[in-house]
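First comes the structure, then the notes that go with it.
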Amino acid sequence: MVADRLTDGVRIGQLLASEVSGNEGRLRDLALADADPDVEPTADGALAYRIVRAVDGDAEAVEAGSGDADDARDVAEVYVQPDRVRIEFVGGDDGDGSARPAVAADAADEAGLRVRPKATRRPRTLVFVEDGAQVKRALPVLSAVVDAI
């Protein structure tokens, strides 16, 4: 049994980014956008990166910054706090994005992650990744949201 837990928000965010960008399975069309490699965690959470889905299937171009912003759809925003990461799944203005927060909430609850809905003009679901081991549990949540897009 592992005695130490990884609870550094920046490192958890890096692990999640690595899992998303290196995934060759159902998440292969996801990419990171607006990544801030020097992000400093704050109590309210600092935006570390956005997770987007390449519409034309070229996630590498979006991640490299050569893809057009119109060729990607927001899936989630990742915020770094001192001891955790907060993933915000935002309901989209597009016709297929309004179900994202509900899908994310159901999948995260099923994965055993802490979930909180946020009632805003564009509804959001907050999913908290509080430990490095929980990063793997966040991947099925992303998969469920991608399947719902």
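The values are calculated or read from the model by the stated rules, or taken from the named source; none is laboratory data. Just so we're clear, the structure is a prediction, and the values are computed from it rather than from any experiment. Every residue, glycine as well, gets a Cβ built from its backbone with ideal geometry; the counts of neighbours run over all protein chains shown. What goes into the accessible areas is simple: the full protein's heavy atoms, side chains included, and nothing from ligands, DNA or RNA. Shrake-Rupley method; radii C 1.70, N 1.55, O 1.52, S 1.80 Å.
Summary of computed values
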read-out	value
Residues that are aromatic (Phe, Trp, Tyr) and closer than 13 Å to GLY91 by Cβ, drawn from segment 118-142	none
Leading residue by the ranking (farthest from ILE149 (Cα to Cα)) among those in segment 102-127 that are within 15 Å of the chain's Cα centre (by Cα) and β-branched (Val, Ile, Thr)	VAL115
Segment 3-32, subset among the small types (Gly, Ala, Ser) and buried (at least 17 other Cβ atoms within 10 Å of the Cβ), residue modelled with the lowest pLDDT	SER21
Restricting segment 128-149 to residues that are under 14 Å from the mean Cα position of the chain (by Cα) and open to solvent by 60 Å² or more (accessible area, probe 1.4 Å), the residue that is farthest from VAL85 (Cα to Cα)	PRO140
When residues of segment 109-118 are limited to those that are of a type outside the set (D, E, K, R) and in contact with a Leu (Cβ under 9 Å, 6 or more places away or on another chain), the one surrounded by the fewest Cβ atoms within 10 Å (Cβ to Cβ)	PRO117
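Each row is one residue, and each column tells you yes or no for (1) at pLDDT 85 or above; (2) among the hydrophobic types (A, V, I, L, M, F, W, C); (3) surrounded by fewer than 20 Cβ atoms within 10 Å (Cβ to Cβ).
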| residue | (1), (2), (3) |
| --- | --- |
| ALA46 | yes, yes, yes |
| ALA59 | no, yes, no |
| ALA76 | yes, yes, no |
| ALA104 | yes, yes, no |
